[in-house]
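Undergrad: Pasting a structure below so you can have a look.
The values are calculated or read from the model by the stated rules, or taken from the named source; none is laboratory data. For clarity, every value in this text was computed on a predicted model and none was experimentally measured. All Cβ positions, even for glycine, are placed from backbone atoms using ideal geometry, and neighbour counts span all protein chains on display. With ligands, DNA and RNA removed, areas are computed over all heavy atoms of the protein, side chains included. Shrake-Rupley method; radii C 1.70, N 1.55, O 1.52, S 1.80 Å.
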Protein chains: 2
Amino acid sequence: MTRMTAARSPYSPADRPRLGLRERKKIKTREAIRAATYALVKEQGYDATTIEQIAERAEVSPSTVFRYFPTKEDIVLTDEYDPLMLEELRARPEDEPWIDSVRHVMRKTLELSEREDPEVLRLRAHLGAQVPAIRSRYFESMTETGRLLRQALAERTGRDPDSLEVRVSAMALIGGMMEVSMYWAESGFEGSLRDLMEQALDVMKDGLGPGNP
Amino acid sequence: MTRMTAARSPYSPADRPRLGLRERKKIKTREAIRAATYALVKEQGYDATTIEQIAERAEVSPSTVFRYFPTKEDIVLTDEYDPLMLEELRARPEDEPWIDSVRHVMRKTLELSEREDPEVLRLRAHLGAQVPAIRSRYFESMTETGRLLRQALAERTGRDPDSLEVRVSAMALIGGMMEVSMYWAESGFEGSLRDLMEQALDVMKDGLGPGNP
DNA sequence: ATGTTTTTGATAGTTACTGTCATTTCATGG
DNA sequence: CCATGAAATGACAGTAACTATCAAAAACAT
């Protein structure tokens, strides 16, 4: 956040339109749609909430909702953490074991997410555990995150990012992370997600061999 | 298959209606729907194929299609291997490392599947790689398979099947297996899926640690 | 053959999503 | 401040996957 390169703008120092009215409105609309969705979902549940209701509460037309989000699931799940994670990942030392890099990146991302909006993280995990459609989309988006991982893993181990080994390792990790989120939601959000995630990483690091302790 | 407890039936030994006309028709309808779907998908692609077309070709009404399969994706993906896998898994020696048991079970299941219908396995992998909706459903069904795995893993390692460790291990493995299928499809079905799967299991067994070789 | 139960098909409805086009809203140069 | 171009919006019509309901048809039991 606050990553807008403020840099000397052509405007006088104090006042800063920075974003045109159009852009600001777009952001507001996006937020309005998301907020409306979160509220309605909390009130009625996900399935019972229709796009029409969301549009009404957000004071836009249904068309506009679809213009901002391709699917209903995306309204709940869309975020912008991937680029941040990538940045963070690149910042890690070259010789660090990749799984430790992942650990750091995840920790940072979760911290950030929890600081910005602790509700959302929980709602997502909860819906991911309950609603199949959401879980699916959730998995898809983690798969995309997994692609970033492949890149990093390949660089660290000097292997082809498209090799079976790299792909399987990355995806196994994604699967594990996914399950952590489910576990967290299903156990009523006891304990911190970060701690659970670190435990999970320990398990996977040591391998799924014999008595993987 | 052929697990129907044949036991002394009230019929004379030679002739065996065994399944009433009703049951036989149901099986035939089911197969007709599946066959129609596979054919149409091969001709036109998945998205372009509608339930109406499927119904028409299978010579049933759309209602009936939905009565047999809850979703379009299920027509493509539904199978009955899970119970077989469970059986197979229980047959493995108690003291075998669980991941080796998985290896054997997967090998057997893939052999069987390839013997019964080599086309289907490929079509599924292909669609899983191409069509998001199918991939999602695919993942869901593997997740269910993962639950069986949890049980077995727990028994072997004397841990709670609902513990984070067990759940993460099982799901990581599922993620890895999922990726194997994608890999296979994306590389044009080169090599045998079984070999790829075994490679993947080796990778995961050794752990996702430092330079997981 | 007849009464019962199961399966089917027809029909109507809901909802997520797509495509198109006219209208409105912002941006910009004079 | 206004005219002109560009972007965003809303209204509308359409598609397709599903759901629910109910009467007709098929299989079963006696």
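Undergrad: Taking the stretch B:36-71 as the region of interest, how many residues are away from every other protein chain (no Cβ under 14 Å) and within 14 Å of DNA strand C (Cβ to nearest atom)?
TA: Result for the stretch B:36-71: 22.
Undergrad: Now a separate question. Only one of (1) more than 7 Å from chain B (Cβ to nearest Cβ); (2) closer than 17 Å to B:Val180 by Cα; (3) more than 14 Å from the chain's Cα centre (by Cα); (4) in a helix (DSSP H, G or I) fails for A:Asp162. Which number is that?
TA: The number of the failed condition is (4).
Undergrad: Pairs needed: first member in the stretch A:27-44, without any contact (Cβ under 8 Å) to a residue 24 or more places away in the chain; second member anywhere, within 15 Å of DNA strand C (Cβ to nearest atom) and open to solvent by 70 Å² or more (accessible area, probe 1.4 Å); C-beta distance under 9 Å; at least 6 residues apart or different chains.
TA: A:Ala35/A:Arg57; A:Ala36/A:Glu56; A:Ala36/A:Arg57; A:Ala36/A:Glu59; A:Ala39/A:Arg57; A:Leu40/A:Arg57
Undergrad: Now for a separate question. In the list A:Leu127, A:Leu164, which residue meets the criterion of being without any contact (Cβ under 8 Å) to a residue 24 or more places away in the chain, more than 14 Å from A:Trp98 (Cβ to Cβ) and not β-branched (Val, Ile, Thr)?
TA: Being without any contact (Cβ under 8 Å) to a residue 24 or more places away in the chain, more than 14 Å from A:Trp98 (Cβ to Cβ) and not β-branched (Val, Ile, Thr) holds for just one of A:Leu127, A:Leu164, which is A:Leu164.
Undergrad: Continuing with the same structure: Based on what the data block shows, is B:Met197 crowded, with 19+ Cβ neighbours inside 10 Å and out of contact with any Gly (no Cβ under 7 Å at 6 or more places or on another chain)?
TA: yes
Undergrad: Filter the stretch A:113-168 down to residues that are of a type in the set (S, T, N, Q) and open to solvent by less than 60 Å² (accessible area, probe 1.4 Å) and give me whichever is nearest to A:Asp47 (Cα to Cα).
TA: My answer is A:Ser136.
Undergrad: Oh, and also: Considering only residues that are more than 17 Å from A:Val102 (Cα to Cα) and at the interface with chain B (Cβ under 7 Å from one of its Cβ atoms), which ones fall in the stretch A:167-213?
TA: Hits for the stretch A:167-213 are A:Tyr183, A:Leu208, A:Gly209, A:Pro210, A:Gly211, A:Asn212.
Undergrad: Still on this structure: Would you list the helices (runs of 4 or more DSSP H) that sit entirely within the stretch B:22-112 and hold 1 or more residues that are within 15 Å of the chain's Cα centre (by Cα), modelled with pLDDT under 95 and loosely packed, with under 15 Cβ neighbours inside 10 Å?
TA: Result: B:81-91.
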